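Please read the structure below before turning to the comments.
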Amino acid sequence: MAKKEPILLKFRFTYGELKQKADVTLLLIDRDLAEFTDRGFTPAKRAELEAAIEAVADFPADYQMEGMQMSATDAKDTARDVLESKMRTVFLAVKTVFGVKSATYRAFGKANLTKQQDDELIRNAKDMVAEIPEHLADLADEGITLEKAEQLDAAKNTFDVAIDAQRRAIKNRDKATEKRILLGNALYELVAKYNETGKDIWYSISEAKYNDYIIY
C-alpha cells in the first residue's frame, strides 16, 4: 500500500489571519455587491463563503488538541508510575525469598521496569499477576497477599486503558490537523477566488479599490 501523501496548506499565514482576510473579503463584496452580482455572485455563494468562514472559526485550535493529548499522556504516565511501584514491591519480595538467580525470580518477568516500553511493561505485569498465586505461601512473610495481587492486576488494567486513551488522543490530534488544513484550504480558495474577481473588477477603474483585494 502506497504511503498517504500529507495534505499541505495552500496559504502562508495563520488560521486567524485567514479568517480575518475572509471577513474583510465579505465586507468588500458587500461594498461592491452590484459589481459582484454582475459577475455571478449570488446569495447562495455568499452563504457558501459564510459557512466556510464559520467552519474554520469553530474548528478546535491545535493547542486545544495538544492539551487533550498532554492530559492523556500525563494520566498514562501516572498510571505507569503506580504500576511500576507495585511491581517493584513484588520483585523485592521474590528476590528476598528466592534470590535473583532463581528460576522463580525470572518467571516474574524482567526487573528493569523503567527501561521497558509501555506494551512490554503490560506483558510483564500480566506474567507477574499470573505467577503470584503459585507462590503466595512463600511470599506471605514479605507481605505479598492475594489482595495485593488483585491491586496489581487493577493497576495493570488502569495503565492499559490509559495507554489506549493516549493513543486515541494522538490519533484524534492527527485527524484534526488534517481536517483543519482541508477547511483552511477550502476557505482560502474562496477568498482567493473572490479577491481575484475584485481585482479584475477594479483593475482599470480604481487603484485604491484594486489594492483592497490584494491578499499578500
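Cross-link partners of K101 among lysines, defined as those whose alpha carbon lies under 18 angstrom from its own and excluding same-chain residues fewer than eight positions apart: K110.
Projecting label points 7 angstrom from Cα along Cα→Cβ for T89 and D119 puts them 3.0 nm apart. Within straight cross-link reach of K95, meaning Cα distance under 18 Å, which aspartates and glutamates are found once same-chain residues fewer than 8 apart are removed? Here the aspartates and glutamates satisfying the reach criterion relative to K95 are E84, D127, E131, E134, D138, D141, E142.
Between T177 and E17, what FRET efficiency follows from the Cβ-Cβ distance if R0 is 22 Å, with the result rounded to 0.05?
0.75
Using only Cα atoms and rounding to the nearest 10 degrees, what angle (0 to 90) does helix 62-98 make with the longest principal axis of the chain? The helix 62-98 is inclined about 10 degrees to the chain. Here the Karplus curve 6.51 cos²θ - 1.76 cosθ + 1.60, taken at θ = phi - 60°, turns the phi angles of region 158-164 into couplings of 4, 5, 4, 5, 5, 4, 4 Hz, with x standing for Gly and Pro. Over the residues of the chain, the helix contribution to mean residue ellipticity at 222 nm works out to -25500 deg cm²/dmol, using -39500 (n - 2.57) for each DSSP H run of at least 4.
Taking the 1.4 Å solvent-accessible surface of region 89-194 as the whole, the part contributed by carbon and sulfur is 51%.
Length gain on complete extension for the stretch I215 to L8, per 0.36 nm per residue less the alpha carbon to alpha carbon distance?
72.6 nm
Surface composition of region 1-76: carbon and sulfur make up 59 percent of the accessible area, probe 1.4 Å. Setting aside same-chain residues fewer than 8 positions from K10, which aspartates and glutamates have a Cα under 15 Å from its Cα? Within the straight-line limit of under 15 Å, K10 reaches these aspartates and glutamates: E178, E189.
Potential lengthening of the chain between I205 and E147 amounts to 12.3 nm, from the contour at 0.36 nm per residue minus the alpha-carbon distance.
Cross-link pairs exceeding 29 Å between alpha carbons, from the set K21/K45; K19/K45; K21/K76; K126/K175: K21/K76; K126/K175. The residues of the chain expose, per residue, 61 Å² of accessible area to a 1.4 Å probe. In a reduced charge model with +1 at each Lys and Arg Cβ and -1 at each Asp and Glu Cβ, region 163-216 shows a dipole moment near 520 debye about its Cα centre.
Taking Cα centre as origin and charging only the Cβ of basic (Lys, Arg, +1) and acidic (Asp, Glu, -1) residues, the dipole magnitude of region 1-126 rounds to 1400 debye. Remark: region 85-216 carries a charge dipole of roughly 260 debye about the Cα centre, counting +1 on each Lys and Arg Cβ and -1 on each Asp and Glu Cβ. Evaluating 6.51 cos²θ - 1.76 cosθ + 1.60 at θ = phi - 60° for every residue in region 127-135, the Karplus couplings come out as 4, 5, 4, 5, 7, 4, x, 6, 10 Hz, glycine and proline recorded as x. Between A154 and A57, the simple label model (points 7 Å from Cα in the Cβ direction) yields a spacing of 4.9 nm.
The values are calculated or read from the model by the stated rules, or taken from the named source; none is laboratory data. As the structure is a computational prediction, the values presented were derived from the model and not from experiment. When we count neighbours, we look across all protein chains shown, and the Cβ atoms used for this are built from the backbone with ideal geometry, even at glycine. Keep in mind that these areas ignore ligands, DNA and RNA; they rest on the heavy atoms of the full protein, side chains included. Shrake-Rupley method; radii C 1.70, N 1.55, O 1.52, S 1.80 Å.
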